[in-house]
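The values are calculated or read from the model by the stated rules, or taken from the named source; none is laboratory data. A quick note: this is a predicted structure, and the numbers were derived from the prediction, not measured. FYI the Cβ positions are ideal-geometry reconstructions off the backbone, even for glycines, and counts take in every protein chain you see.
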Amino acid sequence: MHPVLRITLQRLALGVLTLVIVSFVIFAAVNLLPGDFAQAILGQGATPEAVEAIRNDIGLNDPFWIRYFDWLGALVSGDLGVSYSQMMFATGMGGEDIQLIPITEQIAPRFYNTMFLAGLTAIIAVPISLAVGVLAALYRGSAFDRIANITTLSSISSPEFFLAYVLTLFLAVQWQILPSLASVTPEMPLFERIYTALLPALTLTLVVTAHMMRMTRAAIINLLASPYIEMARLKGISPIQVIVKHALPNALAPIINVVALNLAYLVTGVVVVEVVFAYPGIGNLFVDAVRSRDIPVVQICCLIFASAYVLLNLTADILSILSNPRLRHPK
Amino acid sequence: MSRSLVVPAIALLFTVIVLVDFVMGIGVLWYLYAVLQILMVPFELMTTATAPMVAVLGGWKWIVYLALLCVGGYGFRAVGQRLTKNRPFYRDMPFSVALGYVFAATLIVVVLLNYSRSFSTLGGMPDSYFFFRSALHFLVLSSVAAVLFRQFGCMVGTASTRKLFRQMPATASFGILIIICYAIAAIFAPMIAPHGQETIFPRANIIPLVPEAMGGDPAFPLGTDQIGRDILSRLIYGAQNTVGIAFVTTVLAFFLGVTGGFLAAVLRGWVDQVLSRLVDVLMAIPALIFSLLLITAASSLFSGTGLTWAMIVIIAVIDSTRVFRLSRAVGMNIVVMDYIEASRLRGEGVGYMIFREILPNATAPLLAEFGLRFCFVFLTIAALSFLGLGIQPPLADWGTMVKDLGQFVNYAAFLPQYAMLPLLPAGAIALLTVAVNFVVDWMLQRSSGLKE
């Protein structure tokens with residue numbers, strides 16, 4: 001078997017294993033702790049019989065392992081269950097026949113929104129940060145490099161909500177170029193959608209660009225120090241040629257890594273930014289569910305974020321293997 | 001994978017690169033254009049205030065600006081070459097560098113122009129230059145303070161600290177100065193703060209920074225919040241609570257992580273395997289997401305201050321995994337040294353080896369990691385508090401303050417003093433992390449001798 005294929009398959013298997021373990025950790029973290037969620041659903045005034053009935057209903061009385069495999073099996077078959085707030089609503093209305101909205105339907109549009117926001121951010125952030133990173137590496141030590149360094153360090157260090165409020169203050173309130181609330185709706189046309197989601201996307205861009213630019217700069221500097229670049233320079237070819245022909249093909253692996261790692265970073269950044277701008281995405285749903293202790297929703301959102309994180313890291317891994325000439329052409 | 005599959009894969013990759021390059025070209029243009037737009041907005045406040053971004057995008061004047069900039073760059077270099085009779089500095093200057101100089105000069109002129117304008121509007125009601133002026137004042141004052149502090153450091157102290165200060169960049173001395181200020185505010189908060197952090201005064205929503213005639217109050221320089229608590233006092237107490245809790249959490253994370261990492265390095269074998277795999281699993285879930293999950297679980301057991309303690313433990317455990325990775329790697333490098341071998345042969349115990357042999361030799365990387373880890377923990381706690389799931393009331397805390405005061409941002413157009421309120425605690429968080437990062441950056445550069 002070709003070594004690239006073997007390594008790729010190994011990584012894929014490892015990724016699937018990681019996902020299974022992560023799902024177990026998420027399930028165990030919430031379910032192994034004491035504390036009664038049946039009580040939480042019904043509120044303080046519930047009778048013990050009602051609590052017991054609900055416990056039986058959700059299956060809280062089953063042993064832990066059975067519950068885990070039930071949950072996992074349902075997940076794989078695409079059934080995410082019903083949120084506690086929906087059940088509370090149903091018991092409040094007092095009927096069995098009320099149509100419950102499953103979590104799948106709640107999450108699907110929000111998942112699309114979050115992906116849209118992350119994609120918009122990536123489209124703006126990736127080119128800027130790669131360009132600025134390469135420039136800073138080329139002119140390292142110059143005024144441009146130092147200013148870029150201080151600016152990116154400051155924007156990495158700032159909490160997301162600080163950047164969000166500063167941008168809102170100037171772009172939305174003082175100059176009124178962009179809307180301050182990013183309340184996108186499914187029926188919006190594309191341009192209006194981008195326009196509405198631009199402020200959160202810009203906030204995320206600031207954070208992600210800083211990370212990506214610094215990592216790109218470090219990767220390129222590392223590369224420019226290698227002997228073959230010096231050789232190319234000594235041959236007398238122009239600096240642009242050195243970069244395009246010699247440095248960039250080899251910088252591919254680190255750059256892919258940088259981009260994927262930062263897209264993975266977006267996964268966490270998205271939560272706070274969505275809350276600041278009231279953007280109807282998964283992050284917002286997740287925080288609401290955490291506040292109201294809606295366990296099924298919390299578990300699913302957590303699993304979605306964690307899988308995005310794992311998958312992006314896995315993609316980075318595999319792409320950098322594929323772009324490594326030493327692995328592609330083994331001796 | 002056979003050779004026949006690899007070739008199309010590479011072709012695909014290169015297509016992607018070409019596409020990315022193309023997008024990058026557009027991106028750079030777009031970026032320059034956006035910067036120019038932002039520069040020009042203050043000049044055209046009236047038109048952009050009414051027309052939304054569509055109108056701004058429609059303007060083609062940016063091409064003229066760009067062309068002017070290019071001509072300026074070319075002219076600057078040509079004039080420089082003439083005047084200095086082809087000095088190498090001008091002779092060998094690439095066009096992009098010349099462009100950079102002209103761009104920077106334009107930027108400085110625009111900033112100065114706006115600054116001088118900002119005083120002419122002071123008589124009018126809405127002070128639209130308030131933030132611009134405050135930011136500029138802060139920038140200039142902090143740079144001056146940083147340089148003065150460095151000078152001060154060069155004059156007092158022992159010979160070694162003087163040398164340290166002489167070689168320090170201004171950013172690092174700025175960082176140290178800020179950290180000292182925060183430490184003083186945190187330790188002496190009850191003495192510095194004019195009022196208590198939970199005291200509620202009858203007058204709510206006092207406007208900050210304005211004379212009494214306009215709705216201010218000299219007893220409350222930064223005003224009061226929606227339920228009448230003094231914001232200045234809460235900010236100062238926030239230093240104690242937010243920074244204090246973040247510090248305790250970091251220390252706890254370090255205690256757990258370093259102990260585990262060094263144990264794994266010394267004992268090897270199954271201890272190392274078990275700990276490392278455990279850490280791998282915990283690190284597969286992003287930190288903020290995982291802590292939110294665990295806080296959900298903990299919130300059914302605790303409430304109020306108990307929940308704050310639970311959060312400290314949760315974040316410490318999650319962050320200790322990152323510390324574990326580093327200290328294990330550092331420990332592994334030290335364990336193979338001869339002096340460790342010697343102490344093994346002497347028959348020393350594990351505790352002696354960790355605390356007397358490994359720890360003293362690992363302080364430099366661990367100290368830098370402590371600074372960075374503190375920043376991460378601090379930002380995580382701030383984010384959690386901002387979401388209402390971190391430090392619980394009645395403790396004054398910056399993240400919670402940002403959440404509570406957030407709506408005031410909408411007053412920016414006609415009452416910028418109000419709009420400043422959520423930025424104060426948020427800025428306080430940002431300033432401390434920036435300061436710590438500056439210091440750590442300098443420490444790392446000094447210890448590793450990164451001269452590039």
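Within the range B:148-169, restricting attention to residues that are under 15 Å from B:M443 (Cα atoms) and polar (S, T, N, Q), which residue is farthest from the chain's Cα centre (by Cα)? Result: B:T161. If you filter the range B:201-243 down to residues that are out of contact with any strand residue (DSSP E or B) (no Cβ under 9 Å at 6 or more places or on another chain) and surrounded by fewer than 14 Cβ atoms within 10 Å (Cβ to Cβ), you find that the one that is farthest from B:F370 (Cα to Cα) is B:A213. Can you confirm whether the range B:145-158 contains a residue that is in a helix (DSSP H, G or I) and hydroxyl-bearing (S, T, Y)? No, there is no match, as no residue in the range B:145-158 is in a helix (DSSP H, G or I) and hydroxyl-bearing (S, T, Y). Checking each residue in the range B:263-298 for being in contact (Cβ under 8 Å) with a residue 60 or more places away in the chain and either more than 28 Å from the chain's Cα centre (by Cα) or more than 14 Å from chain A (Cβ to nearest Cβ) (or both) picks out B:L263, B:A264, B:A265, B:V266, B:L267. You will find that of A:V267, A:V272, the residue that is under 25 Å from A:T196 (Cα atoms), β-branched (V, I, T), within 22 Å of the chain's Cα centre (by Cα) and at pLDDT 85 or above is A:V272 and no other. Being more than 9 Å from chain A (Cβ to nearest Cβ), hydroxyl-bearing (S, T, Y) and crowded, with 23+ Cβ neighbours inside 10 Å holds for only one residue in B:T433, B:T363, B:T400, and it is B:T400. Checked against the criterion of being more than 30 Å from B:P94 (Cα to Cα) and of a type in the set (A, V, I, L, M), the candidates A:L248, A:L252, A:L319 yield just one match: A:L319. Screening the range A:144-175 for residues that are within 7 Å of another protein chain (Cβ to nearest Cβ) and more than 17 Å from B:A426 (Cα to Cα) and picking the one that is nearest to the chain's Cα centre (by Cα) gives A:I150.
Take the conditions (1) aromatic (F, W, Y); (2) in contact with a Gly (Cβ under 9 Å, 6 or more places away or on another chain); (3) surrounded by 12 or more Cβ atoms within 10 Å (Cβ to Cβ); B:F95 misses just one of them, which is (3). Screening A:V207 against (1) surrounded by fewer than 20 Cβ atoms within 10 Å (Cβ to Cβ); (2) of a type in the set (V, I, T); (3) more than 9 Å from chain B (Cβ to nearest Cβ); (4) in a helix (DSSP H, G or I) leaves a single unmet condition, (1). If B:I285 satisfies all but one of (1) outside the structural domain of B:Y352 (by TED's automatic domain parsing); (2) not basic (K, R); (3) not in a helix (DSSP H, G or I), what's the number of the condition it fails? Among (1) outside the structural domain of B:Y352 (by TED's automatic domain parsing); (2) not basic (K, R); (3) not in a helix (DSSP H, G or I), B:I285 violates only (1).
Looking at B:A316, B:A297, just one residue is closer than 18 Å to B:A246 by Cα and either crowded, with 20+ Cβ neighbours inside 10 Å or hydroxyl-bearing (S, T, Y) (or both), and that residue is B:A316. Across the range B:319-344, the qualifying residues are those that are under 11 Å from B:A265 (Cα atoms) and among the small types (G, A, S), and the one among them that is surrounded by the most Cβ atoms within 10 Å (Cβ to Cβ) is B:S327. Taking the conditions exactly as written (surrounded by fewer than 21 Cβ atoms within 10 Å (Cβ to Cβ) and on the phi > 0 side of the Ramachandran plot), does B:G347 satisfy them or not? Here the answer is yes, as B:G347 does meet what is asked. Screening A:S292 on (1) buried (at least 23 other Cβ atoms within 10 Å of the Cβ); (2) within 10 Å of chain B (Cβ to nearest Cβ) shows it passes everything except condition (1).
For the range B:403-430, taking the residues that are aromatic (F, W, Y) and surrounded by fewer than 19 Cβ atoms within 10 Å (Cβ to Cβ), the one that is nearest to B:P365 (Cα to Cα) is identified as B:Y411. Mind checking whether some residue in the range B:124-143 is over 30 Å from B:F414 (Cβ atoms), outside any loop (DSSP other than H, G, I, E, B) and modelled with pLDDT of 85 or more? Looking for residues that are over 30 Å from B:F414 (Cβ atoms), outside any loop (DSSP other than H, G, I, E, B) and modelled with pLDDT of 85 or more, one finds at least one in the range B:124-143, hence yes. Scanning the range A:266-288 for residues that are in a helix (DSSP H, G or I) and more than 8 Å from every other protein chain (Cβ to nearest Cβ) yields A:L266, A:G269, A:V270, A:V273, A:E274, A:I282, A:G283, A:N284, A:L285, A:D288.
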